[in-house]
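Read-outs throughout are calculated quantities, based only on the coordinates presented, and are distinct from any laboratory measurement. Quick caveat: nothing in here was measured; it's all calculated off a predicted structure. Glycine also receives a Cβ, built like all others from the backbone with ideal geometry; neighbour counts cover every protein chain displayed.
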Amino acid sequence: MTSMSRSAALVAVSVAGLVLSAPIVHADNVTATVPVGAGPTEVAVAPDGSRVYVTDYFDAAVTVVDTATDTVTATVPVGGYPTDVAIGPDGSRAYVTNSDDGTVSVLDTAAGTVVATVPVGAGPEGVAVTPDGARAFVSNYDGGTVSVIDTRTDAVTATVPVGRLPSEVAITPDGTRVYVAEQGSNAVAVIDVATATVVGSVPVGDGPFGVAITPDGTRAYVTAWDSDAVSVVALPVNAVVATVPVGDRPFGTAVTPDGTRAYVTNYASDTVSVLGTAVDAVVGNVVVGDSPSAVAITPDGTRAYVSNYDGDSVSVVAIEP
């Protein structure tokens, strides 16, 4: 997936009829399916675990789900074709990339309204907020750059050139480094937060898209859409130490709060692969909805929320200890 955006790739796979399923029995299981808007691409959990935010690509909106009841409590209009959402560490703000508008919508989570719209680069794709909440890093898929937003002023303070087709973004727990999957370069760019400059590049699998970092900051898990695998990158040495085969067209990934497992959505398999981080191998699969695109895990590590792009739904997965 080296020449088209997230949405184009998802549509192409769906039309091609490549949705396959070969489930493996695992202790984790789906306990609920929540209907949301059209084309849910990304999902994020509030820091207190009370709410889940889902970007509805074709509805230009964000759906809010109450995790106590697994029901929709609000729908917030945002910009055109929203692709990603990240929540600030205090939970008061959500940042949504609008790929069609070249903007980021800033949501007041208490009020459920957009309080600012920040122009960024072309085709904004991924977004992540630093642990101190001071900055948001936004990958501009069509622009080959990363925009840095000062969250106090909701203004861009720097634009960082990176490789081709930057997609998802992850920040180390200590807030010093940003890792950006470069789908068109088959690499991950490493950005120094303090200087807003690229300080490294890590070759990974083909068509990297999703990236997640373990809570102790020692590993990054990078999905390789074209390789049907996950690259495991040792930090801070920035070297691939394992390549783990997963399902068909791996897309999003998230790591449990205790760091023991990584969850990977397999878009064309309708499954989520569960990786044991101690062994860097698949320890099970969970069958979810139609074309899973993203996954987020609650702070207590008991549930995973999976957006199903073609199913217009979110699967709630109970995580067994």
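I need the full set of residues from segment 257-295 which are β-branched (Val, Ile, Thr) and more than 15 Å from residue 43 (Cα to Cα), in order please.
Answer for segment 257-295, where residues must be β-branched (Val, Ile, Thr) and more than 15 Å from residue 43 (Cα to Cα): 260, 271, 274, 277, 279, 282, 283, 286, 287.
Name the single residue that is farthest from residue 317 (Cα to Cα) among those in segment 228-240 being outside any loop (DSSP other than H, G, I, E, B) and more than 16 Å from the chain's Cα centre (by Cα).
239
Which one of 103, 109, 71 is more than 22 Å from residue 191 (Cβ to Cβ) and either acidic (Asp, Glu) or without any contact (Cβ under 8 Å) to a residue 40 or more places away in the chain (or both)?
Result of the check over 103, 109, 71: 71.
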